Amino acid sequence: MHVHLRQGAMMALATAQIEAGGTDTVLVMPNLSPPITSVAQAVAYHAALQRLAPAVTFLMSLYLHPTVTPAVIAEARASGVVHGVKLYPAGVTTNSAAGVLDVAAYHAVFAAMQEHDLVLNLHGEMPSTAAGAITVLNAEAAFLPQLRALHAAFPRLRIVLEHVSTRQGLDAVRRCGPTVAGTITAHHLWATIEDWCGDVFAYCKPVPKTAEDRAALVRAVVAGGGNFFFGSDSAPHPIQAKRGGADGRGATAAGAFTQPYGPALVVQAVAEGVRNGWFAADDVRLEAVDGFLGRFGRSFYKLPESEGRIRLERKGERIVDSLKSGDGAVEVVPFRRGEEVMSVHWVARRDGRTEDVTVAES
Ligand SMILES: [Zn+2]
């Protein structure tokens, strides 16, 4: 319930990995260049994705921007393809330069979203400022008062705190009512500061935090309360952008690419949690993990249950070192490249197909 599928050759590459990774429904983020700020753009993007993967359900989102008015919200609801509106505080991550500077300016839009029952998706980080003593390490905690204020002002508005990365973020969601949920990525179940500070392919926003935060996130999956569900935030970037850019300036792009392996990485992170002593094997219930990967998110977005079923098997598969587009023009390095990963087998699909779909190797 949170993926980046990009445009052009990268879009074709990333979209082909949705079913390969064991997923049949995705909420697609709108931070394209230019961002998706109109229903017409969202509908066109939806059609392009649907042509690439006819069996996948694509839920679209709009990028909150001054052109997104209450009238646009009504149009979005009527379109049937737009399910959420994403709020990016200006400047916090990839293509967020056009993001929101002042949340209060959008109260009429939030009221319309509550009325038309669209979901507000929050990138819950404050921009880093020296004056405000905010860095990437406390950017999420600094945002949480805004989550509480929005929930208090719009108690019926469904709100998702995306890619929760801290214990404070988990607690903030838990303290809100049932209209507020949080997504958790696969990579935040694995990574801490140690990983991204030495590996550009693990660098993402929000940055993974401490070992205690990581353990708390895995425990939230195992708790199975229904208020946290999977949003992979799979965010592919060309290998050159991760390695400092073609211009040689050395800045890396934020984003971890997990699309081919999301459910496997989640299940393996739970197993790793048992090994680390964070909880006992007996504490892990299939309903909790299965709910996290599918049912809880579908329920929050008011979607019918999927008939699709996957089985994850240990067959000695390893995460590929990289994936390339058909013409070789785009190359992407997945998170945890080279590590052992469970293989996805589709037991049942919604459209009755039974053939195997595997990660397309370059
Ligand atoms: Zn994202």
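Restricting Met60, Met10 to those that are within 16 Å of the ligand (Cβ to nearest atom) and either in a strand (DSSP E or B) or open to solvent by 40 Å² or more (accessible area, probe 1.4 Å) (or both) reduces the list to Met60. Only a single criterion out of (1) free of Cβ contacts under 8 Å to residues at least 60 places away in the same chain; (2) away from the ligand (no atom under 16 Å from the Cβ); (3) small (Gly, Ala, Ser) is not satisfied by Gly182, namely (2). All of (1) more than 16 Å from the ligand (Cβ to nearest atom); (2) free of Cβ contacts under 8 Å to residues at least 24 places away in the same chain; (3) surrounded by 17 or more Cβ atoms within 10 Å (Cβ to Cβ) hold for Trp196 with one exception: (1).
Considering only the stretch 53-60, I want to know if a residue exists there that is of a type in the set (Val, Ile, Thr) and within 19 Å of the chain's Cα centre (by Cα). Yes: one or more hits. Among the criteria (1) modelled with pLDDT under 95; (2) farther than 29 Å from Ala139 by Cβ, the one Ala74 does not fulfil is (1). Within the stretch 145-169, which residues are over 17 Å from Val109 (Cα atoms) and either within 16 Å of the chain's Cα centre (by Cα) or among the polar types (S, T, N, Q) (or both)? Within the stretch 145-169, Leu161, Glu162, His163, Val164, Ser165, Thr166, Gln168, Gly169 meet the criteria. For the stretch 304-321, the tally of residues that are acidic (Asp, Glu), open to solvent by 60 Å² or more (accessible area, probe 1.4 Å) and under 26 Å from Glu287 (Cβ atoms) stands at 2.
Taking first residues from the stretch 154-168 that are of a type in the set (A, V, I, L, M) and partners that are open to solvent by less than 10 Å² (accessible area, probe 1.4 Å) and part of a loop (DSSP other than H, G, I, E, B), the Cβ contacts under 7 Å between residues at least 6 apart in sequence or on separate chains come to Leu161/Gly124.
Every residue, every condition in (1) at pLDDT 95 or above; (2) open to solvent by 60 Å² or more (accessible area, probe 1.4 Å); (3) among the acidic types (Asp, Glu), yes or no:
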{"position": "Leu323", "(1), (2), (3)": "yes, no, no"}
{"position": "Gly326", "(1), (2), (3)": "no, yes, no"}
{"position": "Glu339", "(1), (2), (3)": "yes, yes, yes"}
{"position": "Val344", "(1), (2), (3)": "yes, no, no"}
{"position": "Ala348", "(1), (2), (3)": "no, no, no"}
{"position": "Thr354", "(1), (2), (3)": "no, yes, no"}
{"position": "Val357", "(1), (2), (3)": "no, no, no"}
{"position": "Ala360", "(1), (2), (3)": "no, no, no"}
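Restricting Leu118, Leu122, Leu170 to residues that are within 16 Å of the ligand (Cβ to nearest atom), modelled with pLDDT of 95 or more, crowded, with 21+ Cβ neighbours inside 10 Å and not small (Gly, Ala, Ser) narrows the list to Leu122.
Would you confirm, using the coordinates I've provided, whether Leu101 is of a type in the set (A, V, I, L, M) and closer than 25 Å to Ala216 by Cα? I'd like the intermediate steps shown before the answer.
Working: of a type in the set (A, V, I, L, M): yes; closer than 25 Å to Ala216 by Cα: no.
Answer is no for this residue.
Checked against (1) of a type outside the set (Asp, Glu); (2) in contact with a helix residue (DSSP H, G or I) (Cβ under 8 Å, 6 or more places away or on another chain); (3) within 15 Å of Gln114 (Cα to Cα); (4) within 16 Å of the ligand (Cβ to nearest atom), Gly84 passes all but a single condition, namely (2).
Each residue in the stretch 229-255 was checked for being within 16 Å of the ligand (Cβ to nearest atom), of a type in the set (A, V, I, L, M, F, W, C) and in contact (Cβ under 8 Å) with a residue 40 or more places away in the chain, and 5 of them qualify.
Looking at the structure I just gave you, is Gly177 within 17 Å of Phe296 (Cβ to Cβ), without any contact (Cβ under 8 Å) to a residue 60 or more places away in the chain, out of contact with any Cys (no Cβ under 8 Å at 6 or more places or on another chain) and away from the ligand (no atom under 16 Å from the Cβ)?
Details: within 17 Å of Phe296 (Cβ to Cβ): yes; without any contact (Cβ under 8 Å) to a residue 60 or more places away in the chain: yes; out of contact with any Cys (no Cβ under 8 Å at 6 or more places or on another chain): yes; away from the ligand (no atom under 16 Å from the Cβ): yes.
Against the criterion (within 17 Å of Phe296 (Cβ to Cβ), without any contact (Cβ under 8 Å) to a residue 60 or more places away in the chain, out of contact with any Cys (no Cβ under 8 Å at 6 or more places or on another chain) and away from the ligand (no atom under 16 Å from the Cβ)), Gly177 qualifies.
Against the numbered list (1) closer than 18 Å to Ala142 by Cβ; (2) acidic (Asp, Glu); (3) open to solvent by 20 Å² or more (accessible area, probe 1.4 Å), Glu212 comes up short only at (1). For the residues Gly84, Gly91, Gly22, the requirement of being small (Gly, Ala, Ser), part of a loop (DSSP other than H, G, I, E, B) and at pLDDT 95 or above singles out Gly22.
On the stretch given as the stretch 15-48, residues that are within 16 Å of the ligand (Cβ to nearest atom), in contact with a strand residue (DSSP E or B) (Cβ under 7 Å, 6 or more places away or on another chain) and of a type in the set (A, V, I, L, M, F, W, C) total 6.
In the stretch 2-23, the residues that are in contact (Cβ under 8 Å) with a residue 60 or more places away in the chain form Cβ pairs under 7 Å with partners that are assigned to a loop (DSSP other than H, G, I, E, B) and among the aromatic types (Phe, Trp, Tyr), at six or more places apart or across chains, as follows: Gly21/Tyr261.
The values are calculated or read from the model by the stated rules, or taken from the named source; none is laboratory data. Just so you know, these numbers come straight off a predicted model, no measurement behind them. Heads up, the Cβs are rebuilt from the backbone with ideal geometry, glycines too, and the neighbour counts pull from every protein chain shown. These area figures cover heavy atoms from the full protein model, side chains too; ligands, DNA and RNA do not enter into them. Shrake-Rupley method; radii C 1.70, N 1.55, O 1.52, S 1.80 Å.
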